[in-house]
There are 2 protein chains.
Amino acid sequence: MKRMEIFGTLKKDMDAVERSLYACIEVENEALGEAAMHLLKAGGKRLRPAFVLLSGKFGTYELDRLKLVAVPLELIHMASLVHDDVIDNAQTRRGQLTVKAKWDNRIAMYTGDYIYAKALEMVAGLEDPRIHRILAKAMVEMSIGEMEQIRDFFNSGQSIRRYLLRIRRKTALLIAVSCQLGALAAGASTEVARELYNYGYNVGMAFQIRDDLLDLCGTEKQIGKPPGSDIRQGNITIPVLYALQEDRLRDPLLGEIGRIHEANGRTDVNAAVAMITGSEGIARAEELADRYTQKALQALDRLPDIRARRHLRDIAHFVSRRTY
Amino acid sequence: MKRMEIFGTLKKDMDAVERSLYACIEVENEALGEAAMHLLKAGGKRLRPAFVLLSGKFGTYELDRLKLVAVPLELIHMASLVHDDVIDNAQTRRGQLTVKAKWDNRIAMYTGDYIYAKALEMVAGLEDPRIHRILAKAMVEMSIGEMEQIRDFFNSGQSIRRYLLRIRRKTALLIAVSCQLGALAAGASTEVARELYNYGYNVGMAFQIRDDLLDLCGTEKQIGKPPGSDIRQGNITIPVLYALQEDRLRDPLLGEIGRIHEANGRTDVNAAVAMITGSEGIARAEELADRYTQKALQALDRLPDIRARRHLRDIAHFVSRRTY
């Protein structure tokens, strides 16, 4: 997703957010911010700031105030990615070397800590105590989610429910909170903020399921890393769980997962990927993502019919078809 | 320092803080909080909560409110220790295995993230925006300090000023902020809060210099880890910098530090420790610590003469003589 395509009407304001992100990360101290800057330059869809700004349109839209939510949310997302890369032992992200690969795990840890702290420093400029409470609660959930991710590596016996809870914490919650806090920071009513939360939550779930599908069905060019990275890292996603429910696939796929686990991921994952992409798991996961997209659209229907609502609808459709 | 000895008069309230720390870390989810709990049980002096409570005595002392500052500050301290152990590659702390040694670096990273987030969640219960701003700013400084620590490993050419700036960020700032926020949360005047900040800052500096001295002069029993751990990890402390200023020691000590560096710390550090403890660096560092203690006492002199002031004075004296 090219940022500018879908957020065209927000271009000027998104550019201001981008400048603010850079200003926030710039450390006076020589090479200190180098890793953080590398991360920032690697780009990203800036989905969370876009959700904040669009949600702010449902209240009194004031860019300077909304930036104090939009920038910290993107920073928290970035920080969680750096720490994730340590957990996943990931070498590349978005086609670029990860901080842990370019520097090391320790630098990645502190780069994440620093970015988290900068996010908090900025959000401290807002006085609404609800914002601090919601954000802190989301950060607790996210950190629990990432602890659960470690625990569930290579756990092919986990339930669908457990997978959904994990992606809720890993992805959907922060997107939901982006929408909710955008609305609250703009002084929208709690009802509007709640529906925007529902919208964001469901878009986030669809987004992550699509992401998990892409890791199996996308090309390296599309996804910026070799396909099958998830299973290589032991991250058991929903297409895999569905595939494991098919009698003819269960034993051979369990065998492949066991083999990858034993080799600590340093082996060929093509056979496993072929089994999963040849299963009904792909279509079933796509259907599930679509159901979340439908719920997101229903939440939008309960909101005032302003232009931002149409943009949010476009994003929901876009997420449901995304190929990168 | 046994917590109860010096904080005897606060015993009941410190016990409430302790219970609140446990309640905060308890995760519903089975083994998830295991590493965090291990950390909590390993104990600690709980200096920061004590400073919060004693500083709160200079305003309207209300335990339930002060706990919302005292518990998060101890949690932030704990989280920074877990992440520090990853940086320092430390195997033991306070005589116990570190989280990274008992589990691994990834668990240590997320245990720290989780504890940070829990701290923020609790402090979000306070509505005073100054508290959030001061705390966020301190967390930014702390994370910069820890990035600087990595950069300065085995840098024997660093200035005294650089060392002082590092321990300011690493230790003194959070103690200063504990005093300041305790006062603010109790509704004390900004002048009182500022003097308590000054007191805490200077006690913190003295504390860290004493800590660095103990690592060289203490016994394994006193400090819960083998002496010379700092230099083994490449942490160049002020007694070392002073020793390097002595002509007769400079070259042999540089040689030893270079040798330890080349061996990545997996070598004998006795010769280096003997050179430093045989230098004037010990007495000079002690003098410097005493000067900070004097400044802390002077800050107290400018505060109202209440019982808490005498306790703070006792702590300053205690820190300046501490052998563990």
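Every number in this text was worked out from the coordinates using simple rules, so none of it is lab data. Here the structure is a predicted model, which is why all the values come from computation and not from measurement. A quick note on method: Cβ atoms are made from the backbone with ideal geometry, for glycine too, and the neighbour counts reach across all protein chains shown.
The table below lists the values:
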{"read-out": "Residue mean of other protein chain beta carbons inside 10 Å, A:84-92", "value": "1"}
{"read-out": "C-alpha long axis of helix B:190-217 to longest principal axis of chain B, angle in °", "value": "30"}
{"read-out": "Relative packing of B:120-128, A:68-76, which averages over residues the other C-beta atoms within 10 Å, highest first", "value": "A:68-76, B:120-128"}
{"read-out": "Residue-averaged [θ]222 nm for chain A, counting only DSSP H segments that reach four residues, each worth -39500 (n - 2.57)", "value": "-23000 deg cm²/dmol"}
{"read-out": "At 1.002 mPa s and 20 °C, Stokes diffusion of the range B:113-209 via Kirkwood alpha-carbon radius, µm² per second", "value": "149"}
{"read-out": "Other copies of B:Ala263: label-to-label distances in nm, shortest first, labels 7 Å along the beta-carbon direction", "value": "3.9"}
{"read-out": "Label spacing, shortest first and in nm, from A:Thr60 to its equivalents in the remaining copies (7 angstrom along Cα→Cβ)", "value": "3.0"}
{"read-out": "Residues B:Glu34 and A:Asp251, FRET efficiency given R0 of 35 Å [Cβ-Cβ distance, rounded to 0.05]", "value": "0.55"}
{"read-out": "Residues A:Thr237, B:Thr190, A:Thr92, sorted so that the one with the fewest Cβ neighbours within 10 Å comes first", "value": "B:Thr190, A:Thr92, A:Thr237"}
{"read-out": "Between 0 and 90°, nearest 10: helix A:11-25 axis offset from chain A longest Cα axis", "value": "80"}
{"read-out": "Footprinting exposure proxy for A:Ile87, B:Ile175 (fewest neighbouring C-beta atoms within 10 Å first)", "value": "A:Ile87, B:Ile175"}
{"read-out": "Cα-centred dipole magnitude for the protein assembly as shown, charges only on beta-carbon of K, R (+1) and D, E (-1), debye, nearest 20", "value": "880"}
{"read-out": "Exceeding the 32 Å Cα-Cα cut-off - candidates A:Lys57/A:Lys295; A:Lys170/B:Lys57; B:Lys118/B:Lys225; A:Lys118/A:Lys225; A:Lys100/B:Lys45; B:Lys45/B:Lys295", "value": "A:Lys170/B:Lys57; A:Lys100/B:Lys45"}
{"read-out": "Under 12 Å, Cβ to Cβ, from B:Gln245 - net charge with Lys/Arg +1 and Asp/Glu -1", "value": "0"}
{"read-out": "Label point 7 Å beyond Cα along the C-beta direction, distances from B:Pro304 to other copies (nm, shortest first)", "value": "5.0"}
{"read-out": "Net dipole in debye of chain B [+1 Lys, Arg Cβ; -1 Asp, Glu Cβ; about Cα centre; nearest 20]", "value": "620"}
{"read-out": "Sequence of B:Ile257, B:Ile282 once ranked by neighbouring C-beta atoms within 10 Å, starting from the fewest", "value": "B:Ile282, B:Ile257"}
